[in-house]
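The values are calculated or read from the model by the stated rules, or taken from the named source; none is laboratory data. Remember, it's a predicted structure, so these values are computed and weren't measured experimentally. Because the Cβ atoms are built from the backbone with ideal geometry, glycine has one as well, and the counts that use them run over all protein chains shown. We work out accessible area using only protein heavy atoms, side chains counted, and drop any ligands, DNA or RNA first. Shrake-Rupley method; radii C 1.70, N 1.55, O 1.52, S 1.80 Å.
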Amino acid sequence: MPLLAKTTIGVIGSGTEEHDDLAGEVGSLLAELGVNLLTGGGGGVMTSVSRAFTGARRTTGICIGVIPCRSEDDRATPKPGYPNRFVELPLFTHLPHSGLLGKHDLSRNHINVLTCAALVALPGGAGTVSEVELALEYAKPVAVYAREEAMVEHFPSAAPRLSRIADLRAFLQAYLR
């Protein structure tokens, strides 16, 4: 396994749809930049970006997953389907909420956002929107990456939109240590 890098970049997006064209590009870019990748550790974009990242040639950077628990009543058991098989370092939490409850105090989204030097938001639903909102509230750098505005038009407008991988690279390079 590669060594832990100094910089961690978070990738957020759909927990059900992989958006493999976008997530694959982002995962490969992050591996090339030699950073750690942090996701919520589940399916969809989280799996796709993790698969691309861990499948790329890298000497530094590991794939970290912040794992939710099953429920408020069962905080010792990970949520079913977590972590995905590409997570190299799962961080198990007692935090069950996501989706519409993504900004709740019992949501791992706070950890996802606060742990990263910067975040990349790929297309997703209410949970992704809540993470973008948290990034903006916590003054964390966040960029929305999609080729079609319609895929992310429901995201907060204060987050910059990027549609080219070169622009995303430039955005991220500003936050590398």
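Would you call residue 31 in contact with a helix residue (DSSP H, G or I) (Cβ under 7 Å, 6 or more places away or on another chain), without any contact (Cβ under 8 Å) to a residue 60 or more places away in the chain and surrounded by fewer than 18 Cβ atoms within 10 Å (Cβ to Cβ)?
Working: in contact with a helix residue (DSSP H, G or I) (Cβ under 7 Å, 6 or more places away or on another chain): yes; without any contact (Cβ under 8 Å) to a residue 60 or more places away in the chain: yes; surrounded by fewer than 18 Cβ atoms within 10 Å (Cβ to Cβ): no.
No, not satisfied.
Output the residue which, of all residues in segment 35-71 that are assigned to a loop (DSSP other than H, G, I, E, B) and without any contact (Cβ under 8 Å) to a residue 40 or more places away in the chain, is surrounded by the fewest Cβ atoms within 10 Å (Cβ to Cβ).
Within segment 35-71, the subset assigned to a loop (DSSP other than H, G, I, E, B) is 35, 40-44, 56-59, 61-62, 68.
Still in the list and also without any contact (Cβ under 8 Å) to a residue 40 or more places away in the chain: 56-57.
Numbers: 56: 15, 57: 8.
Among them, the one singled out is 57.
Restricting to segment 32-63, and then to whatever is in contact with a Pro (Cβ under 8 Å, 6 or more places away or on another chain) and of a type outside the set (D, E, K, R), can you tell me which residue is farthest from residue 78 (Cα to Cα)? Break it down into steps so the answer makes sense when it comes.
Taking segment 32-63 and keeping what is in contact with a Pro (Cβ under 8 Å, 6 or more places away or on another chain), we get 40-42, 45, 58-62.
Now drop any that are not of a type outside the set (D, E, K, R), which leaves 40-42, 45, 59-62.
Details: 40: 12, 41: 11, 42: 11, 45: 19, 59: 30, 60: 27, 61: 24, 62: 21 Å.
The qualifying residue farthest from residue 78 (Cα to Cα) is 59.
Within segment 72-112, track down each residue that is among the basic types (Lys, Arg) and either open to solvent by 30 Å² or more (accessible area, probe 1.4 Å) or without any contact (Cβ under 8 Å) to a residue 60 or more places away in the chain (or both).
Of all residues in segment 72-112, those among the basic types (Lys, Arg) come to 75, 79, 85, 103, 108.
Result: 75, 79, 85, 103.
When you check residue 17 against the structure, is it touching a Phe, Trp or Tyr at 6+ places or on another chain (Cβ under 9 Å) and within 21 Å of residue 162 (Cβ to Cβ), yes or no? So that I can check it myself, show each step before the final result.
On the way: touching a Phe, Trp or Tyr at 6+ places or on another chain (Cβ under 9 Å): no; within 21 Å of residue 162 (Cβ to Cβ): yes.
Against the criterion (touching a Phe, Trp or Tyr at 6+ places or on another chain (Cβ under 9 Å) and within 21 Å of residue 162 (Cβ to Cβ)), residue 17 does not qualify.
Quick one: which residue in 123, 90, 83 is part of a loop (DSSP other than H, G, I, E, B), within 20 Å of residue 49 (Cα to Cα), touching a Pro at 6+ places or on another chain (Cβ under 9 Å) and not β-branched (Val, Ile, Thr)?
Numbers: 123 fails: touching a Pro at 6+ places or on another chain (Cβ under 9 Å); 90 fails: part of a loop (DSSP other than H, G, I, E, B).
Within the list 123, 90, 83, the selection yields 83.
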